[in-house]
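Novice: Could you have a look at this structure, given as structure tokens, before my questions?
The values are calculated or read from the model by the stated rules, or taken from the named source; none is laboratory data. These numbers come from a predicted model, not from an experiment. Quick reminder, even Gly has a Cβ in these numbers, built from the backbone with ideal geometry, and neighbours come from all protein chains shown. Accessible surface is based on the protein model in full, side chains and every heavy atom, while ligands, DNA and RNA are left aside. Shrake-Rupley method; radii C 1.70, N 1.55, O 1.52, S 1.80 Å.
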Amino acid sequence: KKTFAEVQAERLEQAERTVLIKCPSRLNEKKLLQYLSSHGSIKSHFFFENRGIHALVEFSEKNSIASLQDAVGLPSSAEHHVPFKSRLFTLTLKNPVSQAAGETPLHLAPQSHLPVKELIQKLCHADSISSQMYILLKEYQLTEENIKLRFLACSLVRDFACAYFPDSTVKPFGSSVNTFGKLGCDVDMFLDFHDTKKHAAKVRKGPFEMEFQMKRLPSERLATQKILSVIGDCLDNFGPGCVNVQKILNARCPLVKFSHQPTGFQCDLSVSNSIAIRSTELLYIYGCLDPRVRALVFTIRCWARVHGLTNSVPGSWITNFSLTMMVMFFLQKRSPPIIPTLDQLKELADENDKHVIGGNDCSFVSDLSKITPTKNTEALDELLGDFFEYFGNFDFRKNSINLRKGKEVNKPESSPLYIWNPFEQELNISKNVNQPQLEKFIAMARESAWILQKEDKTQRTINKEPWGLAALLVPFGKHNPNKMKNRMKGIGSETIRSLLDSLKLNNANTLQKAVGK
């Protein structure tokens with residue numbers, strides 16, 4: 001498998017050769033491709049729905065885009081326009097009636113996942129819990145088309161950044177590229193100046209030394225704020241389809257939030273956050289090592305969302321990142337382990353893999369072929385049941401979760417849930433989680449373990465009730481909220497009362513609102 005850096009470079013180069021075209025609702029696909037082919041060979045294309053039909057078209061050569069831009073006219077409406085010529089175009093038909101002849105229905109690439117109710121119905125037709133988990137993964141994971149669209153969004157933002165910083169790049173990080181992103185997730189992107197640093201590191205020859213004159217500022221943070229402020233203004237004032245631009249410059253990590261209407265993504269732009277990028281690559285490696293890793297993570301995340309354990313609004317809930325780290329830790333604890341610890345990955349690192357960021361050692365191997373495949377052959381359904389069993393009985397009062405060592409460690413402080421940041425070892429990535437939320441997670445884990453243990457294969461076809469994973473994705477206590485009481489020993493009585501009250505609510509959405517309150 002390719003390294004994370006190789007995949008990133010390949011995708012970014014691909015995006016540079018790509019355009020996005022808003023199309024009429026009735027269109028002859030063959031004629032459109034013939035028209036575009038007059039500017040150069042087309043390598044790939046697809047259509048998708050987002051406030052109308054759009055076509056993403058990837059040319060074989062970058063200079064084909066310049067040829068197309070030369071042939072494109074300015075908007076004909078009477079409104080005033082900012083004269084920035086991007087790679088976003090609108091296509092109209094000169095003679096709609098005659099040109100619509102011979103059209104065939106366009107195949108539209110999905111940009112969102114199945115609603116949970118439809119997913120449950122689909123899961124009921126599977127032949128095993130393991131199959132159900134792979135079906136969920138297939139329905140929720142980012143598609144090839146959606147990934148291309150994400151890199152294009154970054155590439156379009158880069159076009160603005162390059163006006164000021166020609167050597168800069170804009171790259172996605174986080175869920176868009178770590179192999180754990182689900183359809184519909186936001187695009188986290190960062191402005192990277194590493195090419196500038198490489199330029200500075202070149203060996204100087206000759207009797208003279210020369211350097212650029214640059215604006216001096218008292219801190220890197222101030223430079224980041226100024227850069228993002230200007231790029232944010234550019235996107236707001238000149239960026240086609242960039243709306244709701246918010247500059248959040250006083251946050252711990254300054255960023256610009258905006259909606260990118262042409263692709264349909266909510267985007268967060270920051271300046272190179274090196275540790276976040278290392279975390280992204282670490283998860284990419286874990287996701288590539290064994291197919292069970294991603295299937296288990298997607299299943300646990302979906303389960304957590306259904307039961308109101310996670311939420312898109314920041315708060316005292318467990319985050320998707322914390323949940324993912326809990327799954328990784330669980331897989332490190334298997335016998336034999338399914339994935340290696342971070343310390344083991346560090347031992348395999350060579351000189352090129354060495355990264356020390358702000359005094360933190362962030363080194364680990366990037367070449368996947370150097371990592372010995374696991375000898376563990378456990379089935380996914382067994383892993384799912386054991387995950388709930390393990391964390392349903394985990395001693396959270398005493399122990400913390402440490403992926404670097406792959407074992408429980410005494411908690412350094414009293415946070416209800418303590419998960420060591422893999423790289424910034426003094427930080428707890430789950431510090432936001434409060435005691436009631438942790439206790440709710442434990443209760444749900446115990447209930448899920450119990451449901452899977454009593455699973456009766458003979459009853460699947462007789463009762464036609466959701467079974468296996470499908471049963472876990474139905475809010476618990478919907479029909480009988482009292483059935484959980486006996487499986488909640490050791491949980492605070494006040495939390496049980498509020499939990500049982502919340503379980504009487506009719507659906508997952510009102511449950512989420514109740515958790516928020």
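Novice: Just to be sure, is residue 299 within 19 Å of residue 4 (Cα to Cα), touching a residue at least 24 places away in the same chain (Cβ under 8 Å) and polar (S, T, N, Q)? Working first, answer last.
Specialist: On the way: within 19 Å of residue 4 (Cα to Cα): no; touching a residue at least 24 places away in the same chain (Cβ under 8 Å): yes; polar (S, T, N, Q): yes.
The answer is no for residue 299.
Conditions tested, residue by residue: (1) of a type in the set (Val, Ile, Thr); (2) surrounded by fewer than 22 Cβ atoms within 10 Å (Cβ to Cβ); (3) more than 30 Å from residue 43 (Cα to Cα); (4) touching a helix residue (DSSP H, G or I) at 6+ places or on another chain (Cβ under 9 Å).
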residue	(1), (2), (3), (4)
128	no, yes, yes, yes
135	yes, yes, no, yes
172	no, no, no, yes
188	no, no, no, yes
218	no, yes, yes, no
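Novice: Would a scan of region 150-164 turn up a residue that is within 20 Å of residue 297 (Cα to Cα) and open to solvent by 20 Å² or more (accessible area, probe 1.4 Å)? Outline the logic, then answer.
Specialist: Within region 150-164, the subset within 20 Å of residue 297 (Cα to Cα) is none.
No, that holds for no residue.
Novice: Among the residues of region 403-415, count how many are under 14 Å from residue 431 (Cα atoms), surrounded by 12 or more Cβ atoms within 10 Å (Cβ to Cβ) and not hydroxyl-bearing (Ser, Thr, Tyr). Write out each step before concluding.
Specialist: Within region 403-415, the first condition is being under 14 Å from residue 431 (Cα atoms), and the residues that meet it are 411-415.
Now restrict to residues that are surrounded by 12 or more Cβ atoms within 10 Å (Cβ to Cβ): 411-412, 415.
Now drop any that are not not hydroxyl-bearing (Ser, Thr, Tyr), which leaves 411-412.
Qualifying residue count for the region: 2.
Novice: While we're looking at this one, here's another question. Based on what the data block shows, is residue 68 outside the structural domain of residue 379 (by the TED database), more than 30 Å from residue 306 (Cα to Cα) and part of a helix (DSSP H, G or I)?
Specialist: Working: outside the structural domain of residue 379 (by the TED database): yes; more than 30 Å from residue 306 (Cα to Cα): yes; part of a helix (DSSP H, G or I): yes.
Yes; evaluated as a whole, the condition is true for this residue.
Novice: Looking only at region 254-268, decide whether some residue is free of Cβ contacts under 8 Å to residues at least 24 places away in the same chain and either over 18 Å from residue 156 (Cβ atoms) or under 18 Å from the mean Cα position of the chain (by Cα) (or both). Explain how you work it out, then say what you get.
Specialist: Pass one, region 254-268, residues free of Cβ contacts under 8 Å to residues at least 24 places away in the same chain: 257, 259.
Those still in the list that are either over 18 Å from residue 156 (Cβ atoms) or under 18 Å from the mean Cα position of the chain (by Cα) (or both) too: 257, 259.
Yes, region 254-268 contains at least one residue that is free of Cβ contacts under 8 Å to residues at least 24 places away in the same chain and either over 18 Å from residue 156 (Cβ atoms) or under 18 Å from the mean Cα position of the chain (by Cα) (or both).
Novice: Suppose the filter is open to solvent by less than 70 Å² (accessible area, probe 1.4 Å), over 30 Å from residue 185 (Cβ atoms) and modelled with pLDDT of 80 or more; does residue 119 pass it?
Specialist: Details: open to solvent by less than 70 Å² (accessible area, probe 1.4 Å): yes; over 30 Å from residue 185 (Cβ atoms): no; modelled with pLDDT of 80 or more: yes.
Judged against the criteria, residue 119 is not a match.
Novice: Would you confirm whether any residue within region 156-173 is acidic (Asp, Glu) and outside the structural domain of residue 302 (by the TED database)? Lay out the reasoning, then the answer.
Specialist: Here is the first cut: in region 156-173, the ones acidic (Asp, Glu) are 159, 167.
Narrowing the set further to residues that are outside the structural domain of residue 302 (by the TED database) leaves 159, 167.
Yes, some residue in region 156-173 is acidic (Asp, Glu) and outside the structural domain of residue 302 (by the TED database).
Novice: Specify which of the listed residues (179, 224) is in a loop (DSSP other than H, G, I, E, B) and under 27 Å from residue 16 (Cβ atoms).
Specialist: Among 179, 224, only 179 is in a loop (DSSP other than H, G, I, E, B) and under 27 Å from residue 16 (Cβ atoms).
Okay, residues lined up against (1) touching a residue at least 60 places away in the same chain (Cβ under 8 Å); (2) under 19 Å from residue 262 (Cα atoms); (3) touching a Leu at 6+ places or on another chain (Cβ under 8 Å):
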residue	(1), (2), (3)
13	no, no, no
17	no, yes, no
21	yes, yes, yes
39	no, no, yes
45	no, yes, yes
53	no, yes, yes
64	no, no, no
75	no, yes, no
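Novice: Could I ask something else about it? Just to check your reading of the model, which residue among 164, 134 is among the hydroxyl-bearing types (Ser, Thr, Tyr) and modelled with pLDDT of 95 or more? Walk me through it before giving the result.
Specialist: Numbers: 164 fails: modelled with pLDDT of 95 or more.
Within the list 164, 134, the selection yields 134.
Residue-wise test of (1) among the aromatic types (Phe, Trp, Tyr); (2) in the same structural domain as residue 306 (by the TED database); (3) at pLDDT 95 or above; (4) outside any loop (DSSP other than H, G, I, E, B).
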position	(1), (2), (3), (4)
413	no, yes, no, no
425	no, yes, no, no
442	no, yes, yes, yes
460	no, no, no, yes
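Novice: Another question about this same structure. Among helices (runs of 4 or more DSSP H) lying entirely in region 99-175, which contain 1 or more residues that are of a type outside the set (Lys, Arg) and touching a Lys or Arg at 6+ places or on another chain (Cβ under 6 Å)? Reasoning before the result, please.
Specialist: On the way: elements: 116-123, 129-140, 144-164.
Passing ranges, in order: 129-140, 144-164.
Novice: Here's something else I'd like to know. Residues that are within 14 Å of residue 371 (Cβ to Cβ) and among the basic types (Lys, Arg): does region 296-311 have at least one?
Specialist: In the first step, residues of region 296-311 are kept if they are within 14 Å of residue 371 (Cβ to Cβ); the result is none.
Scanning region 296-311 turns up no residue that is within 14 Å of residue 371 (Cβ to Cβ) and among the basic types (Lys, Arg).
Novice: Then there is this: Check off (1) part of a loop (DSSP other than H, G, I, E, B); (2) open to solvent by 20 Å² or more (accessible area, probe 1.4 Å); (3) not basic (Lys, Arg) for residue 376 and give me the number that stays unchecked.
Specialist: (2)
Novice: Which number in (1) within 28 Å of the chain's Cα centre (by Cα); (2) open to solvent by 90 Å² or more (accessible area, probe 1.4 Å) marks the one condition that residue 52 misses?
Specialist: All conditions pass for residue 52, except number (2).
Novice: To continue, here is another question. Of everything in region 28-39, what is more than 33 Å from the chain's Cα centre (by Cα) and surrounded by 15 or more Cβ atoms within 10 Å (Cβ to Cβ)? Give them in sequence order. First the steps, then the outcome.
Specialist: Taking region 28-39 as the starting set, the residues that turn out to be more than 33 Å from the chain's Cα centre (by Cα) are 28, 30-31, 34-35, 37-39.
If the condition is that a residue be more than 33 Å from the chain's Cα centre (by Cα) and surrounded by 15 or more Cβ atoms within 10 Å (Cβ to Cβ), then 28, 39 are the ones that fit.
Novice: Of all residues being under 23 Å from residue 66 (Cα atoms) and aliphatic (A, V, I, L, M) in region 1-27, which is most open to solvent (accessible area, probe 1.4 Å)? Just the residue, please.
Specialist: So the residue we want is 9.
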